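A.B. asks: Attaching a single structure in structure tokens format; questions to follow.
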Amino acid sequence: MSSEAVRLDPEPSGASEPSAGEAPFPDMVWIPGGTYWMGSDHHYPEEAPAHQVTVSGFWMDRFTVTNMQFARFVDATKYVTVAERPLNPADYPGALPELLAPGSLVFRKPPGRVDLRDISNWWAYVPGAFWRHPEGPGSNLKGRGKHPVVHLAFEDAEAYAKWAGKALPTEAEWEKAARGGLDRREYCWGDELAPGGKHLANTWQGEFPWQSLREDGFEGTCPVGSFPPNGYGLHEMAGNVWEWTTDWFQSRHTGNKGKACCIPVNPRGPAQPAGSQDPAQPQVNIPRRVLKGGSHLCAPNYCRRYRPAARSPQAVDSGACHIGFRCIVRPAAP
């Protein structure tokens, strides 16, 4: 943790803060309630404006949900993920027939420099790719039981959380937890990306998307717990995989509209879902939720979103090879 980091102590929220007590499930840690600065005015426009919010205390999974954990859920419930189900052509007007086969998005490293304005240079829709076959048919989970489960749509993550007796976090809850008690810091651990030359998250080193130097020891996902925890004891809140939250995405934070007296308490984002807003496919209107945390594909030259304030929209009907999730438990109301 950076020696320059400033610890943020919980502030009164107008409601009594329940005591942590015993964790409701193994490998969950208590995230104390309090007021903190959410968002940033110094990076991507969707992170602005920086504003104060108050969040009540809750329990959070120490790690993202792993392949082993998700396999137990599927074995117990026979659940079939969205990436394994046939697609309805009516939901995707104009889509090529080969893109209507069940599958998911897989990262493909190009052999050299490419135009960063065209994501098709490194993303491919792969029929047959889903959580058990993360690179597509022929791939498997051997040696990856403790890696984050990926290729899950929002409803898949929500189904697991319900089965486990848990819930998915709001964006405000997730960001409060990711900051680990450090207010207005760049990263989960302070203000330096790699203090003393040490990498504290699974991100991309080198020139994305073709040059991976693997200075952090990994290419692709890493086992959970591979990097030091933040101030609350949470691992990999930056990098490795993006994580689902329950908030609908909007292009900017609402904030408190400049009123210092009106700090939102347990905000939950906009009430109405936003569509895809894809200029290439204006007829497709798939609502999007907020992803947080960045992934192993985030690099200094592209997608510097391995920060607590960073956020990204994701269509609710699809996952990818760099999207996972973790769960929370909110205390029962007194």
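The values are calculated or read from the model by the stated rules, or taken from the named source; none is laboratory data. Given the structure is predicted, the values throughout are model-derived calculations rather than measurements. All Cβ positions, even for glycine, are placed from backbone atoms using ideal geometry, and neighbour counts span all protein chains on display. Side chains are part of the model used for accessible areas, which takes the heavy atoms of the whole protein and leaves out ligands, DNA and RNA. Shrake-Rupley method; radii C 1.70, N 1.55, O 1.52, S 1.80 Å.
A.B. asks: Could you work out [θ]222 nm for the chain from helices alone, using -39500 (n - 2.57) per DSSP H run of at least four and dividing by all its residues? Round to the nearest 500 deg cm²/dmol.
C.D. replies: The helix-only estimate for the chain comes to -2500 deg cm²/dmol at 222 nm.
A.B. asks: For region 42-99, what Kirkwood radius comes out of the mean inverse Cα-Cα distance, in Å?
C.D. replies: Evaluated on region 42-99, it is 16.9 Å.
A.B. asks: Round to a whole number: what % of the accessible area of the chain belongs to carbon and sulfur, probe 1.4 Å?
C.D. replies: On the chain, the fraction of accessible area on carbon and sulfur atoms equals 54 percent.
A.B. asks: Kirkwood hydrodynamic radius, region 63-197, all distinct C-alpha pairs: what's the number in Å?
C.D. replies: About 17.8 Å for region 63-197.
A.B. asks: Past the 26 Å Cα-Cα mark, which pairs from LYS78/LYS292; LYS142/LYS198; LYS78/LYS142; LYS176/LYS198?
C.D. replies: The answer is LYS78/LYS292; LYS142/LYS198.
A.B. asks: Two decimals is fine: what is log10 I(q)/I(0) at q = 0.18, 0.27 Å⁻¹ for region 211-267, from a Debye sum with one equal scatterer on every Cα and no solvent?
C.D. replies: -0.85, -1.14
A.B. asks: DSSP loop (so not H, G, I, E, B), at most 15 other Cβ within 10 Å: list which trypsin sites (Lys or Arg not before Pro) in region 51-134 pass both filters.
C.D. replies: Sites meeting the loop and neighbour criteria: LYS78, ARG108, ARG113, ARG117.
A.B. asks: Still on this model: As an exercise, take the mean of 1/r over every pair of distinct alpha carbons in the chain, invert it, and state the Kirkwood radius in angstroms.
C.D. replies: 20.4
A.B. asks: Here is a further query. Just to check I understand the Karplus step: with θ = phi - 60° and J = 6.51 cos²θ - 1.76 cosθ + 1.60, what whole-Hz values come out for region 36-49, glycine and proline as x?
C.D. replies: For region 36-49, the Karplus-derived couplings read 8, 8, 9, x, 8, 9, 10, 9, 6, x, 5, 7, 8, x Hz, x marking Gly and Pro.
A.B. asks: With each pseudo-label sitting 7 Å past Cα toward Cβ, what's the TRP210-LYS109 distance in nm, one decimal?
C.D. replies: Placing both labels 7 Å beyond Cα along the Cβ direction yields 1.3 nm.
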